[in-house]
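Taking it in order: structure first as structure tokens, then the write-up.
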Amino acid sequence: MSKPAIERFLERGLFASRWLMAPMYVGLVIALLALVVIFVQELVHVVPVILSGAAHAEDAILLALSLIDLSLAGNLVLIVIFSGYENFVSKLDIGDTVDRPSWMGTVDFSGLKMKLVASIVAISAIALLKAFLEASESGAAIDATKMLWLVIIHLTFVVSGVLLALMDWVASLTDKH
């Protein structure tokens, strides 16, 4: 027995609605471009100071941490763009190029979630380290309240990541329906 026409029409419409996500991925590409611009601005701003000899070792460390932070955020955006598009919209038909990352097409929603959480934990750890270095470099008293909140936020991300991993592990032990 075949489905009624209205049901087939509704199902095709629902399936086609996945394309409503495509503009969001284009927006994430624009956000990735913004991260590249900020990355270059950081370099242009700090490298001349370092080359002039007016900088200290902590300045170079803070620059490196800022650039690592931006790189991790860029990686995070890229993972969401590729995995989200392939999982929810359409497969990327780019052929079998040598440049294709090995994880593309293999990251499911659970894997995507774990990559996101790991990136967020790393980003918050770098933010915490940067705040501590900036405070100790300035010679001023460390703002205990700010540092406490940074630690609480970081630990919240860590605990969330552990709980998500635990939930995925428990789910993997159950029978699939």
**Report entry** Sole exception among (1) over 30 Å from W149 (Cα atoms); (2) surrounded by 17 or more Cβ atoms within 10 Å (Cβ to Cβ) for K91, by number
**Finding:** (2)
Report task. Considering only residues that are within 20 Å of L72 (Cα to Cα) and not in a loop (DSSP other than H, G, I, E, B), look in the range 84-113 and name the one that is modelled with the highest pLDDT. Result -> Y85
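Here's the yes/no breakdown for (1) surrounded by 17 or more Cβ atoms within 10 Å (Cβ to Cβ); (2) over 21 Å from the mean Cα position of the chain (by Cα); (3) hydrophobic (A, V, I, L, M, F, W, C):
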{"residue": "I30", "(1), (2), (3)": "no, no, yes"}
{"residue": "A34", "(1), (2), (3)": "no, no, yes"}
{"residue": "L43", "(1), (2), (3)": "no, yes, yes"}
{"residue": "V49", "(1), (2), (3)": "no, yes, yes"}
{"residue": "E58", "(1), (2), (3)": "no, yes, no"}
{"residue": "I68", "(1), (2), (3)": "no, no, yes"}
{"residue": "S83", "(1), (2), (3)": "yes, no, no"}
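Is there a residue being out of contact with any strand residue (DSSP E or B) (no Cβ under 6 Å at 6 or more places or on another chain) and not in a helix (DSSP H, G or I) anywhere in the range 114-124?
No; the residues of the range 114-124 include none that is out of contact with any strand residue (DSSP E or B) (no Cβ under 6 Å at 6 or more places or on another chain) and not in a helix (DSSP H, G or I).
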Query raised in the report: Mind checking which pairs have a first residue in the range 23-36 that is farther than 14 Å from F88 by Cβ and a second that is part of a helix (DSSP H, G or I) and of a type in the set (S, T, N, Q), Cβ under 9 Å, 6 or more apart or different chains?
Result: L35/S71
Query raised in the report: So which residues in the range 116-145 are surrounded by fewer than 17 Cβ atoms within 10 Å (Cβ to Cβ) and of a type in the set (S, T, N, Q), if there are any at all?
Result: S136, S138, T145
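The values are calculated or read from the model by the stated rules, or taken from the named source; none is laboratory data. Nothing here was measured: the structure is a model prediction, and the numbers come from that model. Heads up, the Cβs are rebuilt from the backbone with ideal geometry, glycines too, and the neighbour counts pull from every protein chain shown.
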